[in-house]
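Input: a single structure, listed below in structure tokens.
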Amino acid sequence: MENAVDEDEISSDLLVHVARRLIDLSEENAQLKEAIENRPVIDQARGMLIAVLGAHEDEAWHVLLETSQHANVPLRHVAEALIASAAGQPIPEDIRFPLRNTMNKVRRHGQAGNTDERGR
């Protein structure tokens, strides 16, 4: 009888572990799907920054990321605002100022401030 209780307890613990793992995997899957959906928008905005600033890909990524952090808005929103601005829509004020500041930093420091270990 005691053996049956131990097996039930083990089975219960295993089910809890499996359920938690499934929840974790489901959340990770949702995050990956979102990243895949956001990628084209973010890449388009990076391309615009590369063209406008003459920046490297890493610098363009840095502009988007830093703007997102300083504006406290998702990266996708920054990218969408930048893309919409090419069609004549104004960039929202909460994004415009952090974007301008970050772009100015890149313009001032240029590529020299963002080299990799090979000097590129």
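Worth pointing out:
- Residues that are out of contact with any strand residue (DSSP E or B) (no Cβ under 6 Å at 6 or more places or on another chain) and farther than 21 Å from ILE91 by Cβ are absent from the range 42-55 altogether.
- Considering only residues in the range 37-56 that are assigned to a loop (DSSP other than H, G, I, E, B) and either of a type outside the set (Gly, Ala, Ser) or touching a residue at least 24 places away in the same chain (Cβ under 8 Å) (or both), the one that is surrounded by the fewest Cβ atoms within 10 Å (Cβ to Cβ) turns out to be HIS56.
- The residue list SER68, SER12 contains one member that is loosely packed, with under 12 Cβ neighbours inside 10 Å and either touching a residue at least 40 places away in the same chain (Cβ under 8 Å) or not acidic (Asp, Glu) (or both), which is SER12.
- The range 28-82: number of residues that are more than 14 Å from the chain's Cα centre (by Cα) and basic (Lys, Arg): 0
- You will find that of GLU27, GLU59, the residue that is in contact with a Leu (Cβ under 9 Å, 6 or more places away or on another chain), assigned to a helix (DSSP H, G or I), at pLDDT 85 or above and not hydrophobic (A, V, I, L, M, F, W, C) is GLU59 and no other.
- Subset of the range 71-103 (residues that are free of Cβ contacts under 8 Å to residues at least 12 places away in the same chain and either acidic (Asp, Glu) or closer than 18 Å to ARG39 by Cα (or both)): PRO74, ALA84, GLU93
The values are calculated or read from the model by the stated rules, or taken from the named source; none is laboratory data. As the structure is a computational prediction, the values presented were derived from the model and not from experiment. Reconstructed Cβ throughout: ideal geometry from the backbone, glycine too, with neighbour counts over all protein chains shown.
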